[in-house]
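All of the numbers you see were taken from the coordinates with simple rules; none came from a lab. Note that the coordinates shown come from a computational prediction; the quantities given were computed from them, not determined experimentally. All Cβ positions, even for glycine, are placed from backbone atoms using ideal geometry, and neighbour counts span all protein chains on display.
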Amino acid sequence: MILKNLNIVGKDKSEYNIRIKDNFISDNDRSGISEVTENEFTLDLKDCIAFPGLINSHDHLEFNLYPRLGHRKYNNYVEWGNDIHLKDKKFIESVESVPVKLRMKYGIIKNMICGVTAVAHHGSYNSVPDDSPVTIIRKGTCFHSVKLGGKWKIKLNLPINREPYVIHIGEGTSSGSAEEINELIRWNLFNRKLIGIHGIAMTDEQSKKFAALVWCPDSNLFLFGKTADIRHLKNNTEILFGTDSTLTADGNIFENLRTARELNYLSDEELFHSVTDTAANAWGLSDYGRISKGYKADIIIAHKKSEDLYQSFYDTNPQDILLILKDGKIILFDESLKADLNNKFDYTKKFAEISINGKLKYECYGVKEIVGKIKKYISDFEIDL
């Protein structure tokens, strides 16, 4: 397959052609791929942008049937958890009545539709579906937090667990939130590789003890009215980007990115890298996160809304996505590409229609069926991105 005449976010404004072979990008050049074999399919995508499949470095996949829950600004995550379990008890019970594997599938749908092709799920992998169309990052050892992480001190120092050690840390504005970070650092007796999540209370000095910090500003601002001081922390550790679940953040990763962009803590380029190659490197996904020869063909194609390619990227929404390729295979495409694709592949035999914010798409994960099953438990449930 050859994708022609694209602008690639992060490169110059030239038009590029991308050749895909055996799940990987085999060529990527601005001058044009001259030799096309007889059976090679080409797709002209002029006036479109391409970017690597996004890497969401923090989500709780089973919590994406929730709307945002919270009644005020909180001092820390324990205070928030206690409050919603008291005030929203019946609602939480109704959502939790949906089988966890079904809830996980919807969390995957949320990510897929938004152009995420790899997601770090924070929690148990026991209910992760085997047929996920996106990569579920299963790297390292997850703890919830210092307060709710069980026997994390022992697990952190056992030789049988794997690095990196991933943990919610500094999630709040209280003095105790900062002290939790110190406690984690003190008990990291063998200097294990740490990836922190949130880090609202994190200081410059503390950040030096972490290989990376996952920044979730939309979630943080909703719960605590404050987020991590990424302007300074980025000098000491790698910054990755996460959405958290819809329990505390918008379901559209691009809304989360726009929230981050408005803060101006990272440049457009730095923020883009936090969901692409910087994240890939931190998670040990060596061939993810770039549109370059030899990399996985995880590629998103979207309408170009601006001659400024970063502006066009940050203006994207799920309805603007025209094509999603995962490992070189199409997993979602826009109605406007149906005729071109059917001439070669007859894709509609394997794909089902869904409407995303009024735009017709075709996908291969059985979204309608999954949503229909959810409706048996939550009758008024709809995809909300």
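Can you give the extra length, in nm with one decimal, that the chain gains between residue 378 and residue 82 once fully stretched, where that is 0.36 nm per residue apart less the Cα-Cα distance?
Computed gain between residue 378 and residue 82 is 104.2 nm.
Would you look at the GNM of the chain, springs on alpha carbons closer than 10 Å, and say which of 263, 233, 323 moves the most?
It is 263.
Of all alpha-carbon pairs in segment 183-282, indicate the percentage at a distance above 24 angstrom.
That tail contains 18 percent of the Cα-Cα pairs.
How far is it, in nm, from the label point at residue 267 to the one at residue 175 when both lie 7 Å from their Cα along the line to the Cβ?
Reported label-point gap for residue 267 and residue 175 is 3.9 nm.
Kindly list the residues of segment 351-378 that lie in the label zone of residue 335, defined by a backbone N under 18 Å from the point 7 Å along the Cα-to-C-beta vector.
Output list for this probe position: 351-364, 367-368.
For segment 55-282, take the alpha-carbon Rg, divide it by the Kirkwood Rh, and send me Rg/Rh.
Expressed as Rg/Rh, it is 0.93.
Considering only 134, 371, 78, give the residue with the highest GNM mean-square fluctuation for the chain, with springs between Cα atoms whenever their separation is below 10 Å.
Ranking 134, 371, 78 by mean-square fluctuation puts 78 first.
For the chain, what does the helix formula give at 222 nm: sum of -39500 (n - 2.57) over DSSP H segments with n ≥ 4, over the residue count, nearest 500 deg cm²/dmol?
Theoretical 222 nm ellipticity from helices: -8000 deg cm²/dmol.
Order these peptides, 48-54, 334-340, by their mean beta-carbon neighbour count within 10 angstrom, highest first.
Put in order of decreasing packing, that is 48-54, 334-340.
Report the extension gain between residue 327 and residue 203 in nm, rounded to one decimal, defined as 0.36 nm multiplied by the number of residues separating them, less their alpha carbon distance.
40.7 nm
Please list the helices of the chain that count as membrane-span-like by this rule: a mean Kyte-Doolittle hydropathy of at least 0.0 together with Cα atoms stretching 18 Å or more along the helix axis, each helix being a complete DSSP H run.
100-113
At residue 350 and residue 21, where each label point lies 7 Å from the Cα along Cα→Cβ, what is the point-to-point distance in nanometres?
2.1
On a full-extension model of 0.36 nm per residue, what is the gain between residue 229 and residue 41, subtracting their alpha-carbon distance, rounded to one decimal in nm?
63.0 nm
Springs between alpha-carbon pairs under 10 angstrom, Gaussian network model over the chain: which of 57, 127, 267 fluctuates most?
Among 57, 127, 267, the largest mean-square fluctuation in the Gaussian network model of the chain belongs to 267.
Starting from the Cα of residue 75, step 7 Å along the direction of its Cβ; do the same at residue 154; then give the gap between the two resulting points in nm.
The modelled label-to-label distance comes out at 3.1 nm.
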